[in-house]
Amino acid sequence: MTRKKLRPAYPYFGGKAAIADRIWEALGADVANFVDPMCGSASVLLARPEPGKIETVNYCATNPLDPSC
């Protein structure tokens, strides 16, 4: 089942919206567990060509290099 590609609600500095399709071409549409540790506007997740079984999004608003984040 191919779903309609969703667009991010807002632009995100350093976001991957422009290359999201290329990322999915490299990963393949049948990735069972997609984890995006720095999701920003979630453009890669929203561009996913096929629904996944597990989708994990994590966002650290302060410092992504800080382990307490």
TODO: Any chance you could look up the accessible area of L46 with a 1.4 Å probe, heavy atoms only, rounded to 10 Å²?
DONE: 40 Å²
Task: lysines with Cα under 20 Å of K53, excluding same-chain neighbours fewer than 8 positions away - done: K4, K5
- [ ] Under 13 Å Cα to Cα from K16, which aspartates and glutamates show up? Leave out anything in the same chain fewer than 8 places away.
- [x] D36
- [ ] Working with all protein chains in place, sort F34, F13 by solvent-accessible area computed with a 1.4 Å probe, largest first.
- [x] F13, F34
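The values are calculated or read from the model by the stated rules, or taken from the named source; none is laboratory data. Model, not experiment: these values are computed from the prediction. Side chains included, ligands, DNA and RNA excluded: accessible areas come from the protein's heavy atoms. Shrake-Rupley method; radii C 1.70, N 1.55, O 1.52, S 1.80 Å.
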